[in-house]
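Okay, so here's the structure we're looking at.
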Amino acid sequence: MRASGIVTHRQQPSTASGVIFATLEDETGTTNIIVWPSIAEVQRLALRGSMLLTVDGTWQSEKGVQSLVASQLTDHTHLLQGLRVSSRDFR
């Protein structure tokens, strides 16, 4: 599965054992993203630096919450052509 959108949030809670959570937003709504530490380490630049992100992965449903578990991250920020957007990043 694939989702693309503006990165609105990035979180890495201390209780999450290195897992990073992100939220993408597009014209249809938001998508929750889960990035395991092994993916985050290899694709750190795309994960931390992108404003427009495409995520390939597997859908997961847990306790009624649907998330996309990332296997590949692609930074498409260049497609924004200078449009200013920002995410709220928390640790």
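Structure summary
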read-out: Peptides 53-66, 24-37 ordered by average Cβ neighbours within 10 Å, highest first; value: 24-37, 53-66
read-out: The chain pair-distance distribution - Cα-Cα, 5 Å bins, rounded %; value: 3, 14, 27, 29, 17, 7, 2, 0
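A short reminder: the numbers here are calculations on the coordinates, not readings from a lab. Only a predicted model underlies this, so the values are computations on that prediction, with no experimental measurement involved. Virtual Cβ from ideal backbone geometry, glycine too; neighbours counted across all protein chains shown.
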